[in-house]
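Novice: I'd like to ask some things about the structure below.
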Amino acid sequence: MSHISSRIAVLFVAVVGLLGTTAPPADAQPGPHVSSGNTSSPNPTSTRAQFVQAADSLRTVGLREALRLFRENNLSLSRAQSEAQALRGEARQARAYPNPTLQATHEPLWRGSERQSETYLNVSQQIEWSGRSAQIRAARERATAARARAAADSARLVLQVTEAYVEAATAETRLRRLRQVTDVFRQADSSMTKRRSEGDASGYAARRIRLERARYEQRLAAARLEVRNAREQLALLVLPGGTPSVAAKTLPSKRPPAISVQEALQAALQQRPELRRWQSAVEAQKAARRAARREAWPDPSVTAGYKRQSDGFKGAFLGVGIPLPLFDRNRGAAEAEAERLGAARTQQSLARREIRNEVRQAHAAYTSARRQSQLLSDELLRGSGDLLRIAQTSYDEGEMSLVELLDAADAYRDARIRSVDLRVDLWTRYFSLLRAMGQPINLP
């Protein structure tokens, strides 16, 4: 029985060693075995063939390509850009000068049998001089603010795409590692069943191996479902309608670079589109207030024309019309624009304060994740390996039970999975910091 238990210990050590040493590197490309299925059948031959067939036709993209596809296909981004273009058209229309008015009039006159007539041909033109330049500038600044708002919406959506990409890439990594370990337990279960039929293994050892296999089968099924959901979510964001899913390349194993808080704040105050938006909004309101004040002096209109009478008299005429600002001096509109200007300035100050807080929080989160990632990579993984070797030696000498050895193996596996989770957290917070800084999101 001691000989059988020693074989079991060696088997579990090999399993955990395979998890840590023979698993594909984190930056390896997903091969054709990557799948989005969710079966956990003990005989995976036909299901695995379906996975291979699905993976062969599955599109795999990197982060740069995913963002390019997002800019080409995302409907929310297209809507924001259309709204910005609409305001750009309004700004162009504001520069247009009003059209003149051409009018022809014929007046027949009679008294008894006497008949006369008068014919007029005149052109009228309104002269805009009071607030035209201010109105044009206000429309132009509103269009600039709309473009900045579209850029801010784009940056927010890009971060969502990046987070979906990170989740999809991580799901692929978890699936690959769990599939390899599960395959080992499937083989171990088959071998243990055969050995038990030959009388070379205890019933307890066989049941314990089968229980461990069942645990990994459940984990593998959950990982497959996670991969499928992550692929579909990524496809929803970056690909046109009708494309079911897309796979993501694995994240780099190296850590992203360190960024100082002063560097992050300086970049944010220079690059964030929200600040450009509110600066343009303030300028637009300044121009709108100036235009409202100048509209107290109304625009005149000039009329010129030609007149002909039936008695042979004819000639040209010229007229000027000026509205008198006796009752409406546009004071209410001027006061309203002044209040809107104050609100825009307040929002600008608030946005600047919020951006500073966002940058500091994102920097603190990224710095913390980077420190934890370095600690795990440099110390915890090596410590878990020592723990496993100590557990193996203690079990061989009879100082540790099989259950304790399995617990040590689980601790080693958890450390490996934790390293994946920390990598996800690290890259997610790095991309969030880039977004807070107003920098383009991409891999370094």
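The values are calculated or read from the model by the stated rules, or taken from the named source; none is laboratory data. Because the structure is a prediction, the values reported are computed rather than measured. Note that we place each Cβ from the backbone using ideal geometry, even for glycine, and neighbour counts take in every protein chain shown. What goes into the accessible areas is simple: the full protein's heavy atoms, side chains included, and nothing from ligands, DNA or RNA. Shrake-Rupley method; radii C 1.70, N 1.55, O 1.52, S 1.80 Å.
Novice: Among the residues of the range 336-372, what is the count of those that are open to solvent by less than 40 Å² (accessible area, probe 1.4 Å) and closer than 15 Å to L434 by Cα?
Specialist: So the count comes out to 7.
Novice: Which of the following residues is open to solvent by less than 10 Å² (accessible area, probe 1.4 Å) and under 15 Å from the mean Cα position of the chain (by Cα): A164, A168, A151, A247?
Specialist: A168
Novice: From G305, G312, which residue is open to solvent by less than 80 Å² (accessible area, probe 1.4 Å) and either under 40 Å from the mean Cα position of the chain (by Cα) or in contact (Cβ under 8 Å) with a residue 60 or more places away in the chain (or both)? Full working, then the answer.
Specialist: Values: G312 fails: either under 40 Å from the mean Cα position of the chain (by Cα) or in contact (Cβ under 8 Å) with a residue 60 or more places away in the chain (or both).
From the options G305, G312, the qualifying one is G305.
Novice: When residues of the range 253-297 are filtered for being under 21 Å from I355 (Cβ atoms), open to solvent by less than 30 Å² (accessible area, probe 1.4 Å) and of a type in the set (G, A, S), how many remain?
Specialist: 6
Novice: Which of (1) at pLDDT 80 or above; (2) open to solvent by less than 60 Å² (accessible area, probe 1.4 Å) does R215 not meet, given it meets every other one?
Specialist: Of (1) at pLDDT 80 or above; (2) open to solvent by less than 60 Å² (accessible area, probe 1.4 Å), only one is false for R215: (2).
Novice: Criterion first (surrounded by 18 or more Cβ atoms within 10 Å (Cβ to Cβ) and modelled with pLDDT of 75 or more) does E232 satisfy it?
Specialist: no
Novice: May I ask you to list pairs of residues, at least six apart or on different chains, whose Cβ atoms are under 6 Å apart, with the first in the range 345-363 being of a type in the set (S, T, N, Q) and the second being part of a helix (DSSP H, G or I)?
Specialist: Q347/W278; Q348/W278; Q348/V282
Novice: Out of (1) open to solvent by less than 20 Å² (accessible area, probe 1.4 Å); (2) aliphatic (A, V, I, L, M); (3) more than 30 Å from R331 (Cα to Cα), the odd one out for L225 is which?
Specialist: With respect to (1) open to solvent by less than 20 Å² (accessible area, probe 1.4 Å); (2) aliphatic (A, V, I, L, M); (3) more than 30 Å from R331 (Cα to Cα), L225 is out only on (1).
Novice: Out of curiosity, is L121 in a helix (DSSP H, G or I) and either within 17 Å of T303 (Cα to Cα) or in contact with a helix residue (DSSP H, G or I) (Cβ under 6 Å, 6 or more places away or on another chain) (or both)? Before the answer, list the steps.
Specialist: On the way: in a helix (DSSP H, G or I): no; either within 17 Å of T303 (Cα to Cα) or in contact with a helix residue (DSSP H, G or I) (Cβ under 6 Å, 6 or more places away or on another chain) (or both): yes.
No, not satisfied.
Novice: Considering the range 323-335 alone, what residues qualify as being surrounded by 12 or more Cβ atoms within 10 Å (Cβ to Cβ) and either at pLDDT 90 or above or outside any helix (DSSP H, G or I) (or both)?
Specialist: Correct list: P325, D328, R329, N330.
Novice: Enumerate the helices (runs of 4 or more DSSP H) found wholly within the range 16-103, keeping only those where 2 or more residues are closer than 30 Å to S280 by Cα and modelled with pLDDT under 80.
Specialist: Fully inside the range 16-103 and qualifying: 75-94.
Novice: For G398, indicate whether it is modelled with pLDDT under 85, at positive phi and either part of a helix (DSSP H, G or I) or not β-branched (V, I, T) (or both). Walk me through it before giving the result.
Specialist: Numbers: modelled with pLDDT under 85: yes; at positive phi: yes; either part of a helix (DSSP H, G or I) or not β-branched (V, I, T) (or both): yes.
For G398, the condition - modelled with pLDDT under 85, at positive phi and either part of a helix (DSSP H, G or I) or not β-branched (V, I, T) (or both) - is met.
Novice: Hey, another quick one. Please work out which residue is modelled with the lowest pLDDT, limiting yourself to the range 182-212 and to residues that are over 30 Å from A247 (Cα atoms) and touching a Lys or Arg at 6+ places or on another chain (Cβ under 6 Å).
Specialist: A201
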